[in-house]
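J.: Quick one: the structure is below, questions incoming.
The values are calculated or read from the model by the stated rules, or taken from the named source; none is laboratory data. Treat the numbers as computed from the prediction; the structure is a model and nothing was measured. Neighbour counts are summed over all protein chains in view; Cβ atoms, including those assigned to glycine, are modelled from backbone coordinates with ideal geometry. Surface accessibility is based on the protein's heavy atoms, side chains included, excluding ligands, DNA and RNA. Shrake-Rupley method; radii C 1.70, N 1.55, O 1.52, S 1.80 Å.
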Amino acid sequence: MKILVTVKEVAEAADDFEIEGTDIGERFLDYDLNEWDDYAVEAGVQLSEAYDDVEVVSATIGPERSEETIRMALAKGVDRAVRVWDDEIESAEPDVAAKTRLFAAVVAEEEPDLVLTGVQAADDGFGATGVSLADEIGFDWAAVVNSLDTDDDLSTAHVHRELEGGVEELTDVDLPAVLTIQTGVNEPRYASLRGIRQAQSKEIAEYGLDDLGLDADAVASPIARTEMYEPETESDATYFDGSADEQAAQLADVLRTEGVVSE
Amino acid sequence: MSDVLAVADHRRGKLRDVSRELVTAGRALADDLGGKLHVAVIAGDVEAFADRLSLAGVDTVHTVDATAEFNHDLFAGATAALFEAVSPTALLVPNSVNGLDYAPAVANRLDLPLVADAVDLSYDGGLVATREMYGSKVETTVEVSEEPFAVTVRGGEWPAAEEPAEASIEPFDYEFDESASGARVQGYEEVGAGDVDIADAEFLVSVGRGIEEEENLELIEELVEVTGATLSSSRPIVDNGWLPKNRQVGQSGKQVTPDVYLAIGISGAVQHVAGMKGAETIIAVNTDPNAPVFDVADYGIVGDLFDVVPALVEEFA
Ligand SMILES: Cc1cc2nc3c(=O)[nH]c(=O)nc-3n(C[C@H](O)[C@H](O)[C@H](O)COP(=O)(O)OP(=O)(O)OC[C@H]3O[C@@H](n4cnc5c(N)ncnc54)[C@H](O)[C@@H]3O)c2cc1C
Ligand SMILES: Nc1ncnc2c1ncn2[C@@H]1O[C@H](COP(=O)(O)O)[C@@H](O)[C@H]1O
């Protein structure tokens, strides 16, 4: 059995940042493995530990910089990695449909039995790639999975889908399938020193459009970001200034006035 | 062309609020486009839902009588079939957990560009949508140069349409064989019951990822002790297993309405705010002056919780 896990390197903005053009300035961004994908990686690696002959392959659409994040996934137990990128992809700023075509080409190459994605990417949060991909490649799917169990013969996944308001939907999904993984589904491991060492010698295969048998049309996106700005704060909050002690004293006064603490 | 098709959300016999918000968003977009607003309601007691969706601004409610509950193959298939029949310019779906489970499939199947989680929409020769990025720290405008298109709409951003009216209600035939579906709903489970109900609390002290380590929770517990508050948290604290699920505030946890909600080291992600914005008074402690939690706060402390919380404990000790 083969499991494909999509792994995105996401950017996080520093507390103080500046917008340059239609994005936050590069020097204010920190890159890391997408939180949701960390859980997806763990789910894949746990399956590979529970069953014989399971290979876990990660797939990333991203520039060379993202290899650092990919190495992190490899250090956590992913067997090998695929990274998709080239100049045309970079300039196209792929939307969900474009990423779907790229990942579908990777799926055609790798022929996985199970694809795990995160529910959403923390930076631009579309929450759409996994289900779109499932439809494209004709797999069954389940979105927002926060509990995952598999039949012994790996024919069916028994999942919980986390709905709103503390309700979970219990669903059986036939494999091959795409599952979008929610945080809390497991406890992602830290990479061990041994894992980090081993990751250095694992393969990261690089593919461009040509290698995937695609042309520039495949990544052309009709969606363009035209502006980015700091939202006008709707806040009319009163801020407490001063030292921590002074701030705490003012806060304590509010709590007393509100009548939620006595004294 | 120039019509809008919006798909309602419901669960276990209840229309979800976002459905009537979608009517408001859809009507405004249909006005911009100069077209009609079609609302689709799929599965469940469609006639009762259609009555409730017969609101001012809605031209037609299409009902698809099928299964009792949500099934994404049904929703994706029926939405795509209705789309072909109505041939609208815009497809609107709520950005709910069930929306996440079928909207991207419909967009892919119909080859529609997809803008997810829009908080504002307008049309000016093309769709212009507002979205957030980087954990709500910034807003972006995206323009879509192709039609038709699909949009998923964030809950709580548009007022719910209220005024009853006489929309035309049209049953739509869609054949669906649930047993042939590769994803079969087996049932539902309520989670998060337990010793305390944070929904009843008057004063919640709520802790987020800013606390960094499980050991540091002691600090917050001390504060809870001296103030007589009830302890709640954002999601990562529960995901890490540091607190039980019944303490989680937010979209997938509990909705709370205390007199005072003190958010400590919580950024204020939309899914968290969904659970606490109904609090009478919101106070936030966060090192990041740009944290979106300050947008909903009545009082704010830009500061380090490891300094502020011990000082606050002193106040009441
Ligand atoms: C489908 C779905 C459902 C979800 N449901 C929920 C839900 O029900 N509830 C929920 O909470 N989330 C939910 N989430 C997750 C949500 O998107 C956020 O990831 C989460 O709320 C972030 O929690 P946080 O604010 O504690 O952490 P972060 O976003 O990491 O914020 C930590 C904050 O602490 C501050 N900080 C750091 N150090 C200090 C310090 N020393 N002193 C003071 N402040 C400090 C930082 O500036 C930051 O603002 C859901 C997500 C999805 C996709
Ligand atoms: N560029 C990318 N590289 C790898 N995985 C991605 C990429 N974009 C999206 N994904 C995957 O799709 C999930 C949902 O992303 P999104 O639909 O962009 O919110 C993420 O959690 C990833 O698993």
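J.: Output the qualifying pairs, or none if there are none: Cβ atoms under 6 angstrom, residues six or more apart or on different chains, first residue in region A:1-25 and within 11 Å of chain B (Cβ to nearest Cβ) and touching a residue at least 40 places away in the same chain (Cβ under 8 Å), second residue assigned to a loop (DSSP other than H, G, I, E, B) and within 16 Å of ligand 1 (Cβ to nearest atom).
T.: A:Val10/A:Asn34; A:Val10/A:Ala121; A:Val10/A:Ala122; A:Val10/A:Asp123; A:Ala11/A:Asp123; A:Ile24/A:Phe17
J.: Would you confirm whether any residue within region B:272-294 is open to solvent by 20 Å² or more (accessible area, probe 1.4 Å), part of a helix (DSSP H, G or I) and among the small types (Gly, Ala, Ser)?
T.: Yes: region B:272-294 contains one or more residues that are open to solvent by 20 Å² or more (accessible area, probe 1.4 Å), part of a helix (DSSP H, G or I) and among the small types (Gly, Ala, Ser).
J.: A follow-up question, please. Mind checking whether some residue in region A:250-261 is without any contact (Cβ under 8 Å) to a residue 12 or more places away in the chain, assigned to a strand (DSSP E or B), within 13 Å of chain B (Cβ to nearest Cβ) and not basic (Lys, Arg)?
T.: Within region A:250-261, none of the residues are without any contact (Cβ under 8 Å) to a residue 12 or more places away in the chain, assigned to a strand (DSSP E or B), within 13 Å of chain B (Cβ to nearest Cβ) and not basic (Lys, Arg).
J.: Are any of the residues in region A:195-208 farther than 30 Å from B:Asn246 by Cβ, of a type in the set (Ser, Thr, Tyr) and surrounded by fewer than 18 Cβ atoms within 10 Å (Cβ to Cβ)?
T.: For region A:195-208, residues farther than 30 Å from B:Asn246 by Cβ, of a type in the set (Ser, Thr, Tyr) and surrounded by fewer than 18 Cβ atoms within 10 Å (Cβ to Cβ): present.
J.: For region B:24-43, how many residues are touching a helix residue (DSSP H, G or I) at 6+ places or on another chain (Cβ under 8 Å), open to solvent by 10 Å² or more (accessible area, probe 1.4 Å) and of a type in the set (A, V, I, L, M, F, W, C)?
T.: Adding up the residues that qualify gives 0.
J.: Only one of (1) open to solvent by less than 30 Å² (accessible area, probe 1.4 Å); (2) within 20 Å of the chain's Cα centre (by Cα) fails for A:Pro188. Which number is that?
T.: Exception for A:Pro188: condition (1).
J.: Could you list, in sequence order, the residues of region B:199-240 that are within 15 Å of A:Gly166 (Cα to Cα), at pLDDT 95 or above and either open to solvent by 20 Å² or more (accessible area, probe 1.4 Å) or in a helix (DSSP H, G or I) (or both)?
T.: Answer for region B:199-240, where residues must be within 15 Å of A:Gly166 (Cα to Cα), at pLDDT 95 or above and either open to solvent by 20 Å² or more (accessible area, probe 1.4 Å) or in a helix (DSSP H, G or I) (or both): B:Arg235, B:Val238, B:Asp239.
J.: Select from region B:94-109 the residues that are within 15 Å of ligand 1 (Cβ to nearest atom) and among the aliphatic types (A, V, I, L, M) and list them in ascending order.
T.: B:Val97, B:Leu100, B:Ala103
J.: Same structure, new question: Please determine, by comparing only the residues of region A:33-54 that are within 13 Å of A:Gly118 (Cβ to Cβ) and not in a helix (DSSP H, G or I), which one is farthest from ligand 2 (Cβ to nearest atom).
T.: Going through the qualifying residues, I end up with A:Leu33.
J.: Scanning region B:295-314 for residues that are in a loop (DSSP other than H, G, I, E, B) and over 25 Å from B:Gly155 (Cβ atoms), which turns out most open to solvent (accessible area, probe 1.4 Å)?
T.: The extreme case among them is B:Asp304.
J.: Check off (1) more than 7 Å from chain B (Cβ to nearest Cβ); (2) farther than 18 Å from B:Ala105 by Cα; (3) assigned to a strand (DSSP E or B) for A:Glu168 and give me the number that stays unchecked.
T.: (1)
J.: Tell me which residues, restricted to region A:70-98, are open to solvent by less than 30 Å² (accessible area, probe 1.4 Å), of a type in the set (D, E, K, R) and within 14 Å of chain B (Cβ to nearest Cβ).
T.: Hit for region A:70-98 is A:Asp95, nothing else.
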